[in-house]
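A short reminder: the numbers here are calculations on the coordinates, not readings from a lab. Every value quoted in this text rests on a predicted model; they were computed, and no experiment measured them. Note: ideal-geometry Cβ built from the backbone for every residue, glycine included; neighbour counts use all protein chains shown.
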């Protein structure tokens, strides 16, 4: 029995017969069908998650491509594939079948070379559970960096003691799959969606263990969060990132209430921040503060960072605005850098902002970025007000002014001061555009000014 609303959740058995399904294995995060030919074994990458865009067939020994092409994604598999390089038993930290209910099973592999990709795979579990839990058990293979978010439901599972670098070794998981097959009559595999759209945000947050069981120290707080990365291509302001970030938060601080907290998340280095900034960076991964990060995200009214996997949890949990900075020299973008929703628990615009900026330009200061984000944040609140006006009118037969609404619902934000900032900015832009228009008219038509004078003289002569 498959839920009609989830019938798009496909299994490998949809396009493979049983004989082929029995030959499926995973080489780390690559789903592969091994076929025998007269010459030598052939590996066929199967369509699931990111692999769906890179389906390839090649000879294992000669590396000859039979279908598709060699590219950045499948190169690691083509070069490193070894059917005898099985997952070492000592890497299986735990495995259980405590929650076995059916004789059919879906083997869910969360391994990936990228944290963001693994997180999206994990989010796929909910849809497959809703579609198939009447007929199939779901067996989940996870690793430390993603295991903390494991679903609250009871699943049979396996935890592998693998780091991201070890995942790139490309082990054959055939021996692990055989352990699962020993407990089920049928083992199938999911066609995961690497570009999954979350349709019901509250339901997804409830399904997974994003917050742990401990107390939430940030409940009822208002936080402005910034993501700090050590990797050169992900730094907000290059080598002066810490200093510039402090200046950036200083500018923002003037426009928020004194009770608003300012927090730095991400990679720990030798740089220090003033005591008024909460420095929650970590030196090692898996993140030892994973649940605290979720708590901070869920109380963040504003989150800023260079586009990447580190913004995915804020994208999912934050009730505020998430600003994704796309550096102009950063070209390798993916669709898994943020979670987008088809339906919102509250319909507000500007939940996600993408800014394409070269932050290394001399004339682009932390103040410029702060002012731009403040204007966008104000725009989010203005649109939020318009969204609720009709509901207010229906329920109360009257509508508060925009100022009254924002001061009541968003008292942490200095509305009047930001309005003045926007007015001054708009005035400067208007004056600049007016000057440019006049210059354009004069340079584009040398007789423009003379014609204006002649026209005025003729009007006076009349």
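What angle, in degrees between 0 and 90 and rounded to the nearest 10, separates the Cα long axis of helix 241-253 from the longest principal axis of the Cα atoms of the chain?
On a 0 to 90 degree scale, this one is about 60.
Can you tell me how the chain classifies by the Cα gyration tensor, rounded, prolate or oblate, using a/c under 1.5 as the rounded cut?
Values: a/c = 2.15, a/b = 1.80, b/c = 1.19.
Prolate, because a/c is 1.5 or more and a/b exceeds b/c.
For the stretch 4-196, compute the orientation-averaged projected area of the C-alpha convex hull (one quarter of its surface), in nm². Walk me through the numbers before you get to the answer.
Numbers: hull surface 42.4 nm².
Projected area, direction-averaged: 10.6 nm².
Before rounding to the nearest 500, sum -39500 (n - 2.57) across all DSSP H runs of length at least 4 in the chain and divide by the residue total; then give [θ] at 222 nm in deg cm²/dmol. Don't jump to the answer; show the numbers that get you there.
Values: 14 runs with 162 residues, N = 462.
The per-residue figure over the chain is -11000 deg cm²/dmol.
Which of the peptides 80-90, 122-132, 392-402 is most tightly packed, and how do the rest follow, going by the mean number of other Cβ atoms within 10 Å of each residue?
Numbers: 80-90: 13.3, 122-132: 21.0, 392-402: 11.0.
The most tightly packed comes first, giving 122-132, 80-90, 392-402.
Using the 10 angstrom Cβ neighbour count as an exposure proxy, how do 237, 276, 72 rank, fewest first? Before the final figure, lay out the partial values.
Details: 237 18, 276 11, 72 8.
Ascending number of Cβ neighbours within 10 Å: 72, 276, 237.
For 117, 99, what's the fewest-to-most ordering of other Cβ within 10 Å of each Cβ? Mind dumping the intermediate values first?
Details: 117 22, 99 13.
Fewest-to-most Cβ neighbours within 10 Å comes out as 99, 117.
Rounded if a/c is under 1.5, else prolate if a/b beats b/c, else oblate: with a ≥ b ≥ c from the C-alpha gyration tensor eigenvalues square-rooted, which is the stretch 141-239?
Numbers: a/c = 2.22, a/b = 1.43, b/c = 1.56.
Taking the square roots of the gyration eigenvalues as a ≥ b ≥ c, the stretch 141-239 is oblate.
With just the Cα atoms defining each centre, how far is the stretch 26-90 from the stretch 271-306? Give it in Å.
First find each Cα centre; the distance between them is then 38 Å.
Compute the Cα gyration tensor for the stretch 254-302, then decide on rounded, prolate or oblate, letting a ≥ b ≥ c be the square roots of its eigenvalues: rounded whenever a/c is under 1.5, prolate when a/b is larger than b/c in the other cases, and oblate in all that remain.
In terms of gyration-tensor shape, oblate.
Calculate how steeply helix 366-396 sits against the longest principal axis of the alpha-carbon atoms of the chain, using the helix alpha-carbon long axis, and give the answer as 0 to 90 degrees to the nearest 10.
90
Within a 10 angstrom radius of the beta carbon, how do 283, 315 rank from fewest other beta carbons to most?
On the way: 283 8, 315 19.
In order of increasing Cβ crowding within 10 Å: 283, 315.
Enter the angle in degrees (range 0 to 90, nearest 10) between the Cα long axis of helix 115-132 and the first principal axis of the Cα atoms of the chain, meaning the one along which they spread out most.
70
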